[in-house]
Amino acid sequence: MDVPCALPPRPGLLSSLLRWSAACAAIPPLLTPALLLGPVSQGASDALMRAWCLWARRVFGVDVEVVDHNAGRYDAAAYVFLQLNQTSLSETFVTPPALPRPALIFMNLGFAVLPFAGWVPLSQGSTVVVRQWHAQARRAVDRATEALRRGASYYMSIEGLRSPDGALGPYKKGAAVLAIRSGATIVPMVFHGARAVLPVGEWRVRPGRVRVELLPAMETRGLRYEDRDALLQRLRELAEAHGLGRPPG
């Protein structure tokens, strides 16, 4: 679980450089065409992104177990795959193959400017939000709402920032508002072990195991804007019930 705990030792400098070199060597044949295909074929672009993620996992020695509590049944028109705990940039190559269907990303500006990791989703039509710019944030929610109503799915974090120690940060209301306004089905996601693989502020990826849980889907039809706080509280209680957010010790 991503709770405060001792981290495994960092791999050696030479080993880390070699692994990163191998991961980056696959960028031209996989992520360059993914970037070019993004505006015309999200599915093809997404398939190439997933292929690079699987390669990066293999290179870095990261094993990912996906536990799907929905048994692969995703029949609703649109989903918000909502990450309940954000702790590591390793989620960049852990998440895409774990999602049961292609999804746009509701992402902050810092992630959008990351070479390829942010550029490819942006080319597919993902939404960038600048939370400190309230007018732009409202427009971003409006654009994502319309995309969801047209049948797109989104992946996003409910915290907004990565936790440096594994404890849960404040939950942002935008995720609840987006799901309620669009009527999309929420699929809560919890990550275990991601921080141990790549702690915040580190660049050396540690071999390890990450477990991604897709929790039972939650309908939002019938909910109103006034229900956003109750929905937010329900999601936080769900995260805590899965062992997230516990204090040190």
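The values are calculated or read from the model by the stated rules, or taken from the named source; none is laboratory data. Note that this is a predicted model, so its numbers are computed, not measured. Glycine gets a Cβ as well: all are built from the backbone with ideal geometry, and neighbour counts include every protein chain shown. The area values use the complete protein model at the heavy-atom level, side chains included, leaving out ligands, DNA and RNA. Shrake-Rupley method; radii C 1.70, N 1.55, O 1.52, S 1.80 Å.
With R₀ fixed at 45 Å, the C-beta to C-beta distance from ARG149 to SER21 puts the FRET efficiency at about 0.55.
Taking Rg and Dmax of the Cα atoms in Å as calculated from this structure, the corresponding entry among (i) 17.5, 55; (ii) 19.0, 59; (iii) 17.1, 52 is (i). Computing FRET efficiency as 1/(1 + (r/R0)^6) for ARG10 and GLU226, where r is the C-beta to C-beta distance and R0 is 51 Å, gives about 0.60. Apolar share of the accessible surface for the range 63-201: 58 percent from carbon plus sulfur atoms, 1.4 Å probe. Derived scalar couplings between HN and Hα for the range 101-114 equal 8, x, 9, 6, 10, 9, 10, 7, 5, x, 6, 4, 8, 5 Hz in order, rounded to whole Hz, by the Karplus curve 6.51 cos²θ - 1.76 cosθ + 1.60 (θ = phi - 60°), x for Gly and Pro. The protection proxy used here, the mean number of other Cβ atoms lying within 10 Å of each residue, ranks peptides 186-194, 105-113, 117-125 as follows, highest first: 186-194, 117-125, 105-113.
A full extension of the chain between ASP75 and TRP119 corresponds to an added length of 12.9 nm, given 0.36 nm per residue minus the alpha carbon distance.
Accessible surface computed residue by residue for the range 60-166, with neighbouring protein chains in place and a 1.4 Å probe, gives 41 Å² per residue.
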